[in-house]
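Notes follow the structure.
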There are 2 protein chains.
Amino acid sequence: MKLNFKRNNGLIPAIIQDASTGKVLMLAYMNEDAWKASLSTGRATYFSRSRQKLWVKGETSGNIQLIKEAWIDCDNDTVLLRVEQVGGAACHKGYRSCFFRKIEGNSSKVIGEPVFDPGEVYKK
Amino acid sequence: MKLNFKRNNGLIPAIIQDASTGKVLMLAYMNEDAWKASLSTGRATYFSRSRQKLWVKGETSGNIQLIKEAWIDCDNDTVLLRVEQVGGAACHKGYRSCFFRKIEGNSSKVIGEPVFDPGEVYKK
């Protein structure tokens with residue numbers, strides 16, 4: 001069970017899926033430390049490319065992700081986490097899933113309503 | 001609806017999900033040409049990092065992916081395709097999903113049986 005972190009600058013993509021509904025919630029990146037922290041704590045932990053540091057998902061919003069199952073792909077360079085999404089929303093814009101826009105023709109359409117107001121949750 | 005291909009050397013990750021079962025099948029990468037080809041043809045088309053060219057999924061095995069829905073994420077740098085997986089298997093190793101190994105403790109366990117024999121499908 002050795003993941004290959006070398007192919008993409010030390011990062012592998014992690015697909016996050018709601019374990020109860022099957023909804024795909026988001027994609028994030030993990031370095032080796034994030035992967036180890038995720039497995040040892042049971043809380044999804046990523047590497048923030050913008051902040052260049054480990055990021056426990058939900059540390060600000062409270063919407064943490066409890067890992068129910070972890071799967072690795074055939075090439076050992078992508079992981080799939082099936083999680084319990086605390087608070088019901090994974091997206092920093094307040095939606096259940098970061099994939100809240102569906103392609104229709106040449107544009108995209110927002111589907112669904114935000115679960116929380118980002119202005120309230122992330123206020124300074 | 002403008003995707004951001006600049007963040008990762010011109011490639012964005014695409015999560016592929018079975019539209020009927022909700023099973024996450026695989027992750028692949030798309031450059032802008034692959035994204036346009038996927039939308040215009042309705043067949044999932046990726047960029048092969050190992051072969052450095054466009055790759056119509058299933059062109060060798062016959063297990064093409066018919067796109068039912070395409071979604072984009074909040075940062076415009078990841079896509080989710082919900083597909084009909086022709087032939088029932090997405091993985092080149094013959095399994096329904098590339099995520100056929102589940103983490104259990106410090107190792108991984110294969111879950112499920114292959115749908116096809118890769119030695120037969122990809123023989124020269």
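Since every read-out is calculated from the coordinates, none of them should be taken as a lab result. All values derive from a computational prediction rather than experimental measurement. With ideal geometry, Cβ positions are generated from the backbone for all residues, glycine too; neighbour counts draw on all protein chains shown.
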Q.
Under the rule a/c < 1.5 gives rounded, and otherwise a/b versus b/c splits prolate from oblate, where does the protein assembly as shown land using the Cα gyration tensor?
A. oblate
Q | Mean ellipticity per residue at 222 nm, deg cm²/dmol - from DSSP H runs of n ≥ 4 across chain B, formula -39500 (n - 2.57) | A | -3000 deg cm²/dmol
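In a shell of Cβ-Cβ distance under 13 Å around residue A:85, excluding residue A:85 itself, what net charge do Lys and Arg (+1) and Asp and Glu (-1) give? Numbers along the way, then the final one.
Values: positive: A:23, A:43, A:57, A:68, A:82, A:96; negative: A:18, A:84.
Cβ neighbours under 13 Å give a net charge of +4.
Only Cα pairs under 8 Å and at least 6 apart count here; give the relative contact order of chain B as a rounded whole percent. Provide the component values of the computation, followed by the final result.
On the way: 238 pairs, mean separation 27.1, N = 124.
Computed value for chain B: 22 percent relative contact order.
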Q. All other residues with a Cβ under 13 Å from the Cβ of residue A:102 taken together, and with Lys, Arg as +1 and Asp, Glu as -1, what is their net charge?
A. +1
Q. Residue by residue through the stretch A:112-120, which ³J(HN,Hα) values in whole Hz follow from phi under the Karplus form 6.51 cos²θ - 1.76 cosθ + 1.60 (θ = phi - 60°), with glycine and proline marked x?
A. x, 10, x, 7, 9, 9, x, x, 7
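Classify the stretch A:45-124: rounded, prolate or oblate, from the alpha-carbon gyration tensor (a ≥ b ≥ c, eigenvalue square roots; a/c under 1.5 rounded; otherwise prolate if a/b is larger than b/c)?
Working: a/c = 1.69, a/b = 1.15, b/c = 1.47.
Oblate, since a/c reaches 1.5 and b/c is not below a/b.
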Q: With everything on Cα atoms, drop me the angle between helix A:32-41 and the longest principal axis of chain A, reported from 0 to 90° to the nearest 10.
A: 80 degrees
**Q.** Simple label model, 7 Å out from Cα along Cβ direction - residue A:109 to residue B:56, nm
**A.** 2.9 nm
Q. R0 = 25 Å: FRET efficiency of residue A:41 with residue A:3, Cβ-based, nearest 0.05?
A. 0.90
Q) Across the stretch B:6-22, in residue order, what do the Karplus-derived ³J(HN,Hα) couplings come to in whole Hz, using 6.51 cos²θ - 1.76 cosθ + 1.60 with θ = phi - 60° and x for Gly and Pro? A) 7, 6, 9, 6, x, 10, 10, x, 10, 8, 10, 10, 5, 5, 8, 9, x
